[in-house]
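Undergrad: One structure coming up, written as structure tokens, with questions to follow.
No value in this document is a laboratory result; all are computed from the given coordinates. This one's a predicted model, so the numbers in the text were calculated from it and none came from an experiment. Methodologically, a virtual Cβ is constructed for each residue, glycine included, from the backbone with ideal geometry; neighbour enumeration extends over all protein chains shown.
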Amino acid sequence: MFVTKFKTFSFLFLLLPSAAQCFTLYANVSIQFDTDEVKVFTLDDGSNACANAGFTEDDLETYVKAAVKVWNKIPTSSLKLEAAGKFDPGNTDFTTGELCLWDSVYPPASCASATKVPQVSHIYVGCSTNANDNENFPSNDVYSTNILASTSINNISGRNIIGSVILLNAADPAVAIAALNDEEIIATIAHEMGHAIGLGHSEKSYALMHASLIGKKNNLSEDDVQGVTYLYPVKLDGCGMLATIQDINSNNDSQGPGSFFFNMILGFLICVVLKLRPKFLA
Ligand SMILES: [Zn+2]
């Protein structure tokens, strides 16, 4: 127990000299899973849907396991993703719905009805083979079909995420994901997992949660760490949050290096006072 706390504090000290955070949250609001233990399933309906992306569903499961580890190694985050193996949708409603997540901006072109979309619990990762999947890989906007993957948090209760679906673009052999190496595919999936747990895009070009994959590694940047720590803070003897956010979805990099440091110290002092109070009163 002590060792765990020591590691956490040590890690926090590494963060103290950090620069301004500028991660964003999904849809500009703070939503997160209401549990720290979230399963991540690999969708496999036996149709080899990932073929055009250049790998099998067995490979995908391996990628998912690696991507899960990316988010699990942060001492200041209480979130624990669990690679939960394969999931066979088993019925056409789910298969169809999974490929046709409802969205008011890009209504699904190939789904009979948005009401067929299942609202999932936990996280599902699969490949989309639907070349006309205007919902997930809109062909009419700037992303065109070059978009690698898409995440939909399709089950929300209040400000809690209940479930998310991550789809990799395996629509045709020409899509970009087929050209990625293993590390880039893992980074892509880990990036989408970030969305699935409530993170938006970071303005930092070196962050995993930056919108572009260029130069992306599987390691999280400080910005990613602060984002996930904000959403899923480790509690130390009930001392509450260890990270804070200042300006959601802002391009302003001048938030100053003091904010994170200041809030950390303030939070720590409040915590100490609160914890010592009973002794003063005794
Ligand atoms: Zn993204």
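Undergrad: Given +1 on the Cβ of Lys and Arg, -1 on the Cβ of Asp and Glu, and no further charges, what dipole in debye does region 43-92 carry about its Cα centre, rounded to the nearest 20?
TA: So the dipole magnitude of region 43-92 works out to roughly 420 debye.
Undergrad: Among C50, C127, which comes first, then next, by fewest other beta-carbon atoms within 10 Å?
TA: The fewest-first ordering by Cβ neighbours comes to C50, C127.
Undergrad: Also, quick follow-up: In what sequence do S221, S30 fall when counting other Cβ within 10 Å, fewest first?
TA: The most exposed by this proxy come first: S30, S221.
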